[in-house]
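Chemist: I'd like to ask you about the structure that follows.
The values are calculated or read from the model by the stated rules, or taken from the named source; none is laboratory data. These figures come from a predicted structure and were not determined experimentally. When we count neighbours, we look across all protein chains shown, and the Cβ atoms used for this are built from the backbone with ideal geometry, even at glycine. All accessible areas refer to the heavy atoms of the entire protein, side chains included, with ligands and DNA or RNA removed. Shrake-Rupley method; radii C 1.70, N 1.55, O 1.52, S 1.80 Å.
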Amino acid sequence: MAQYSRIEVATLMRESGMVPLFYHSDIELGKKVIKACYNGGARLMEFTARGDFAYEVFLALNKYVLKELPGMVMGVGSITDAAAASLFMQMGANFIVTPSLREDIATICNRRKVLWSPGCGSLTEINRAEELGCEIVKLFPGSTYGPGFVKAVKGPQPWTSIMPTGGVSTEASNLKAWFDAGVTCVGMGSKLISKELLASEDFAGLEGTVKDTLALIKKLRT
């Protein structure tokens, strides 16, 4: 079961400002990626469960994190139905991220007080997600909507917490645009943990990038 409540996870997302996300079928490679992000200061990781037998990989990674990386909060993304959400929560997922708004997933996560962040692309979807108890809405794909959409939503709804995913990079101008618009945090995948980085296994480089990106986000907020 989850080690952290939805309120604790939401608070950590707000404090850190960034949720790294990645998927790879190689368990040992995954451990090195998570360790590099952890050493760089990240305390959240979204495992995007997109491959065959992804549950086996997540289970091994979460056991590693619980034993070796205190304070690291593992969640699962790319979840498309309640059965999958339930399976990963049994394996200790502390948050569930979905590409679209699914009320069946909301119900099962709320029952266990696990944070769920649904992919939304309209104000109507955002409002429905919040009515269902969503703490932080995922704007997906972020590149389609952009910071202007976030700013427009925050105008009439300053209470809405938004995490764009897709189209977020480590570049200062990109991050500045998102945080100036009022996002709570950003989800960052291939722009942070690229295929090239994984192929070269440049984990020291990843650690440095994570550290620099978190420092930049903190600076942008002040």
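Chemist: Regarding W178, is this residue without any contact (Cβ under 8 Å) to a residue 40 or more places away in the chain, farther than 29 Å from E28 by Cβ and open to solvent by less than 20 Å² (accessible area, probe 1.4 Å)? Full working, then the answer.
Modeler: On the way: without any contact (Cβ under 8 Å) to a residue 40 or more places away in the chain: yes; farther than 29 Å from E28 by Cβ: yes; open to solvent by less than 20 Å² (accessible area, probe 1.4 Å): yes.
It is true that W178 is without any contact (Cβ under 8 Å) to a residue 40 or more places away in the chain, farther than 29 Å from E28 by Cβ and open to solvent by less than 20 Å² (accessible area, probe 1.4 Å).
Chemist: When you look at T80, is it at pLDDT 95 or above, of a type in the set (S, T, Y) and open to solvent by 20 Å² or more (accessible area, probe 1.4 Å), yes or no?
Modeler: Numbers: at pLDDT 95 or above: yes; of a type in the set (S, T, Y): yes; open to solvent by 20 Å² or more (accessible area, probe 1.4 Å): yes.
Against the criterion (at pLDDT 95 or above, of a type in the set (S, T, Y) and open to solvent by 20 Å² or more (accessible area, probe 1.4 Å)), T80 qualifies.
Chemist: Which pairs do you get when a residue that is free of Cβ contacts under 8 Å to residues at least 24 places away in the same chain, found in the stretch 192-212, comes within reach of a residue that is surrounded by 14 or more Cβ atoms within 10 Å (Cβ to Cβ) and outside any helix (DSSP H, G or I), reach meaning Cβ atoms under 9 angstrom, with the pair 6+ apart or on two chains?
Modeler: From the stretch 192-212, the pairs are E196/D202.
Chemist: If I filter the stretch 104-112 for residues that are open to solvent by 10 Å² or more (accessible area, probe 1.4 Å) and hydrophobic (A, V, I, L, M, F, W, C), do I get at least one hit? Lay out the reasoning, then the answer.
Modeler: Kept after step one, since they are open to solvent by 10 Å² or more (accessible area, probe 1.4 Å), are these residues of the stretch 104-112: 104, 107-108, 110-112.
If we keep only those that are hydrophobic (A, V, I, L, M, F, W, C) too, we end up with 108.
Scanning the stretch 104-112 turns up at least one residue that is open to solvent by 10 Å² or more (accessible area, probe 1.4 Å) and hydrophobic (A, V, I, L, M, F, W, C).
Chemist: Please determine whether any residue of the stretch 30-50 is surrounded by fewer than 21 Cβ atoms within 10 Å (Cβ to Cβ), part of a loop (DSSP other than H, G, I, E, B), at pLDDT below 95 and not aliphatic (A, V, I, L, M).
Modeler: yes
Chemist: Starting from residues that are among the aliphatic types (A, V, I, L, M) and open to solvent by less than 10 Å² (accessible area, probe 1.4 Å), keep the ones in the stretch 132-152 and report whichever is farthest from M18 (Cα to Cα).
Modeler: First, pick out the residues of the stretch 132-152 that are among the aliphatic types (A, V, I, L, M): 132, 136-137, 139, 150, 152.
Filter again for open to solvent by less than 10 Å² (accessible area, probe 1.4 Å), leaving 136-137, 139, 150.
Details: I136: 13, V137: 14, L139: 14, V150: 16 Å.
Here the answer is V150.
Chemist: Given the residues L12, L101, which is the only one that is open to solvent by 30 Å² or more (accessible area, probe 1.4 Å) and within 21 Å of N127 (Cα to Cα)? Quick ask: steps written out before the conclusion?
Modeler: Values: L12 fails: within 21 Å of N127 (Cα to Cα).
On inspection, the qualifying residue turns out to be L101.
Chemist: If a residue has to be in a loop (DSSP other than H, G, I, E, B), closer than 18 Å to A42 by Cβ and in contact with a helix residue (DSSP H, G or I) (Cβ under 8 Å, 6 or more places away or on another chain) to count, how many in the stretch 165-189 make the cut?
Modeler: So the count comes out to 6.
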